[in-house]
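Remarks on the structure that follows.
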Amino acid sequence: MTRRWTLFDTTALTFGFAFLYLPLLVLVVYSFNDSRLLNVWGGFSTRWYVELWNDKVLLTALRNSLGIALFSAAIATFFGTLAALALVRYTRFWGRPLFTGMVYAPMVMPEVVTGLSLLLFFVSINAERGFWTVTLAHTSFTMCYVAVVVQSRLVAFDRTLEEAAQDLGCPPLRTFFTITLPLIAPSVLAGFLLAFTLSLDDVVIASFVTGPGTSTLPIEIFNKARRGLSPEINALSSLILLVVTVAVVTSSLLSKRALIPAR
Amino acid sequence: MSHIPASDSPPDSPSTQIVASAKAGPGTRLVRALVPALPFIWLLIFFLTPFIIVFKMSLSEPATAQPPYVPVIDWSEGLNGLLDALSQFNFENFTLLTDDWLYAASALSSLRIAAISTILLLLVGFPMAYAMAKAPEKHKPLLLMMVILPFWTSFLIRVYAWIGILKPEGLLNMVLQGIGVIDQPLQILNTDTAIFIGVVYSYLPFMVLPLYATLDKLDWTLLEAAQDLGCPPWRAFWQVTVPLALPGIAAGALLCFIPIVGEYVIPELLGGPDSLMIGKTLSDEFFRNRDWPLASAVAVVLLIIVIGPVMIFRELETRRLEKSR
């Protein structure tokens, strides 16, 4: 009885989703505006997309961002998965409270603090700042997210399968690669994707730890946005929105399809 | 951006203890030791060490050199250098922080903006999460995806989208003037109002998702019981729904409040010169004034501000878990 759908619920969802999606829609519509001015509709045009394609600076920044995201997500997935295993499977080892604290702390650390501290660290060891310092900086904060995602899967893990394998004489390392890893693989992949997205999205930490000559896409967007509107950025944003929407919708359709045979 | 879905604390139940295999050779034992050791070493190098350096730096003196500070500890002198350093620590940066109203004001202003934004997020997010939890089962995956989708799109782009809408010659003013509500364009961009709009917009998924997770598991028969016993709907809402949704409210509020306090991108793009936020102050100190020690001192203050709510939340969580046992 109380679960009756009311007008209030419809209003809440309508306004909520309108609030979430209208600004993005406006962004996309204006990327096709021929005029540089926002309050003038100069007719439909794809000139900003052409200009985008010829912008060497943005294309280099995009390549840097993708490279950094790929490397940092890969390293973060490795260390994050190990950290999750350590948190769930190793109840006692030296410094465990410190370890647990360090796994969770970067998630509540303000980005400006993480960026500043990592920069000071790189300066103190005289590391040349650029691609690799950004990659390492991104790894150090995204691995914590991987750890949390993988950990939630490990907690719900049916350990009898591992025990059965070991009872049948399977060595521990082989048990891990043939039983444990395939079972936690979806969460490892989810962790990787999360790390990849977070790295691709970061502007604050990257602007602290990067050096001259290495710019990332978010840094370029941020610098242009600071100076106000730029139709080119609208075009770029629209492309990013398109890629993300296709990726998210496809993955959710795939996971739904994957669920059906299981039923 | 560093945001996360709510997480569980690591379990410590005895059943998860590693079962030592009698046959384990030295190689296996090494691998087994490496599992916690590798991430541990990584975190010690890339989390703890930088953290200690910031702390140390906040006690150094600024200098017009590259890098622009005088190191307090001379590492080459070993223990003597360390002891020497301890005797001459320089708290000047922190006295400077308390003397200059700008820092106290920006800290307070950040807390105020984060608190108001969190309340606004609750007001917008709760009805949405509530309606989603009540929606028919078959629509839930779609609704959920529609909330998550903006989360995967770039944070920067979502903030950028609002510049075009809030500008004096932007879309909002165009519409409002068009329908005759206002004569003169409203100055919204570069004010605190723009920051609130940007923050609420960017963080809405982080509020809706934990709220939905709790409300979806709500036992609706309790509400029916309240109504059967003659309780008016709004009272049932306050006395049944809200207390039951409290864990979700706390998680959502924390998930939003903490990153908002240290927010830098939103005040930089949407805020004005008068909008003070501590994350922006830190960056300005660092990038514009090149005062690394002072920026570090601001970082230490910001950390202290953030740790407070986390501790309170952990305390509440432990109490709640103890009660439910």
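Readers should treat all values here as calculations from the given coordinates under stated rules, not as data from a laboratory. It should be emphasised that the depicted structure is a prediction, and the values quoted were computed from it without experimental measurement. Because the Cβ atoms are built from the backbone with ideal geometry, glycine has one as well, and the counts that use them run over all protein chains shown.
A few points about this structure:
- Sorted by Cβ neighbour density within 10 Å, fewest at the top, the residues B:PHE155, A:PHE121: B:PHE155, A:PHE121
- Put in order of Cβ neighbour count within 10 Å, fewest first, the listed residues A:CYS144, B:CYS231 become B:CYS231, A:CYS144.
- Phi angles of the range A:185-202 translate, via the Karplus equation with coefficients 6.51, -1.76, 1.60 and θ = phi - 60°, into HN-Hα couplings of 3, x, 6, 5, 5, 4, x, 4, 5, 5, 4, 4, 5, 4, 5, 5, 9, 7 Hz per residue; Gly and Pro are given as x.
- B:LYS217, B:LYS280 arranged by Cβ crowding within 10 Å, fewest neighbours leading: B:LYS217, B:LYS280
- For the residues of B:303-310, the average number of beta carbons from a partner chain within 10 Å of their own beta carbon is 2.
- Where N is the number of residues in the range B:101-324, Cα Rg divided by 2.2 N^0.38 Å: 1.19
- Residue-averaged beta-carbon neighbours from other chains (10 angstrom radius) around A:51-62: 0
- Once the C-beta distance of A:THR10 and B:TRP238 is scaled by a Förster radius of 22 Å, the resulting FRET efficiency is 0.45 to the nearest 0.05.
- Spacing of the two label points (7 Å from each Cα toward its C-beta) at A:LEU22 and B:ARG319, in nm: 4.1 nm
- In this rough spin-label picture, where each label sits 7 Å from Cα along the Cβ direction, the B:LEU44-B:LYS217 distance is 3.7 nm.
- Measuring nothing but alpha carbons in the protein assembly as shown and taking Rh as the Kirkwood radius, the Rg to Rh ratio lands at 0.98.
- With K and R counted +1 and D and E -1, the other residues having a Cβ less than 13 Å from that of B:TYR203 yield a net charge of 0.
- Spin-label proximity, B:TRP101 to the range B:262-290 - amide N less than 19 Å from point 7 Å beyond Cα toward beta carbon: B:273-278, B:281
- Protection proxy ranking, highest mean first, for peptides A:240-252, A:78-90, B:28-40: A:78-90, B:28-40, A:240-252, where packing is the per-residue count of other beta-carbon atoms within 10 Å, averaged.
- Other residues with beta-carbon under 14 Å from the beta-carbon of A:VAL123 carry, at +1 per Lys or Arg and -1 per Asp or Glu, a net charge of +2.
- Between 0 and 90 degrees, the angle of helix A:111-124 with respect to the longest Cα principal axis of chain A falls at about 70 degrees.
- Counted residue by residue at 0.36 nm each, then reduced by the alpha carbon distance between them, the extension gain from A:ARG36 to A:LEU239 reaches 71.2 nm.
- Note on chain A: Rg/Rh from Cα positions, Kirkwood definition for Rh, rounded to two decimals, is 1.05.
- Inter-chain Cβ neighbour average for residues A:83-93, partner chain, 10 Å: 6
- Distance from the range B:110-155 to the range A:177-241 (C-alpha centre basis), Å: 22 Å
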